[in-house]
Amino acid sequence: MMSYLHWPIIFCGFGLLFTAVELMRPARPLNYRAVIKNDLVALGIYGLLFLPVSIWLSGRLIKPDHVFLRSLLDLPLLVRLILYYGLADLGLYGLHRLMHSRYVWPIHRWHHSPPYMYWLAGIRATVPNQVLFNLPFAFCAPLLHHAPAWLFMLIFAEGFFQNNWMHMNVTWRSRWLEWVFVTPRYHHIHHSNRPEHHGANLGSRLTIWDQIFGTYVDPEGVEDITFGIERPPSPARLALGI
Ligand SMILES: [Zn+2]
Ligand SMILES: [Zn+2]
């Protein structure tokens, strides 16, 4: 049986795998030693403080029992799982768009602060950022009522994998995949510090929301981007989202 203690081992395993792929096919040169310290500190804060607080807050803010019609629970589990991911991903797109608006931006900008991209660069998220990003999944969770426990473990692992995958420093040119799914180079444009890329490619899993709602930038026509934010505030203000 998987326990909380297994996650550090799984994390290290995935970390080695992601790093090996990045070393084989890097999109840009990267000095790991120069960047890993910042992100390990961010990871420690995330795992020991932000994640437990966010889970605690999310559980108290959300009472989703009556959001969905009971008839949806009669659908096969696979259909409900597809609905769960589709609706939650749409909600996530909407919230991500909101975070790029002027007044909500301070709680999200920490995520955009690294001037580099690699698998661990996406770890930075303030408590309100995490709570808001959890909301769509929490609201859609009743769709998975009575699903087996292993499915929730898989969903948790998928979320971890997805966040690391889309920040990876790899060259990945899969056109057909990008018509539907977010790839590293697709999400890298979202982290670009060019003004014309601000608020572009907001999708986390599916790229169709960007195409439907007009925030899509085709990765095929974009070369040589750099990352980070202009005039970042102090690290404490970044991490607190104020
Ligand atoms: Zn963003
Ligand atoms: Zn990101």
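The values are calculated or read from the model by the stated rules, or taken from the named source; none is laboratory data. None of these values were measured; they are calculated from a predicted model. In this analysis, Cβ positions are derived from the backbone assuming ideal geometry, glycine residues included, and neighbour counts consider all displayed protein chains. For the accessible areas, the whole protein counts, side chains as well, though only heavy atoms, and no ligand, DNA or RNA atoms are used. Shrake-Rupley method; radii C 1.70, N 1.55, O 1.52, S 1.80 Å.
Tabulated results
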quantity	calculated
Subset of the range 105-125 (residues that are farther than 27 Å from residue 154 by Cβ and within 16 Å of ligand 2 (Cβ to nearest atom))	105, 107, 108, 109, 110, 112, 113, 114, 115, 116
The one condition in (1) farther than 19 Å from residue 200 by Cα; (2) aromatic (Phe, Trp, Tyr); (3) within 16 Å of ligand 2 (Cβ to nearest atom) that residue 137 fails to fulfil	(3)
Every residue from the range 146-162 that is free of Cβ contacts under 8 Å to residues at least 60 places away in the same chain and assigned to a helix (DSSP H, G or I)	149, 150, 152, 154, 155, 156, 158, 159, 162
Checklist (1) of a type in the set (A, V, I, L, M); (2) touching a Lys or Arg at 6+ places or on another chain (Cβ under 9 Å); (3) open to solvent by 20 Å² or more (accessible area, probe 1.4 Å); (4) outside any loop (DSSP other than H, G, I, E, B) applied to residue 229, failing item	(4)
Meets criteria (within 15 Å of ligand 2 (Cβ to nearest atom) and at positive phi) for residue 199	yes
Any hit, the range 182-198, residues being among the small types (Gly, Ala, Ser) and part of a loop (DSSP other than H, G, I, E, B)	no
Subset of the range 99-108 that is surrounded by 14 or more Cβ atoms within 10 Å (Cβ to Cβ) and over 16 Å from residue 187 (Cβ atoms) - its residue that is nearest to ligand 1 (Cβ to nearest atom)	105
Residue tally, condition in a helix (DSSP H, G or I), within 13 Å of ligand 1 (Cβ to nearest atom) and open to solvent by 20 Å² or more (accessible area, probe 1.4 Å), over the range 112-134	2
First in the range 163-182 and in contact (Cβ under 8 Å) with a residue 12 or more places away in the chain and of a type in the set (Lys, Arg), second anywhere and away from ligand 1 (no atom under 16 Å from the Cβ) and open to solvent by 60 Å² or more (accessible area, probe 1.4 Å), Cβ under 9 Å, 6 or more apart	173/220; 175/220
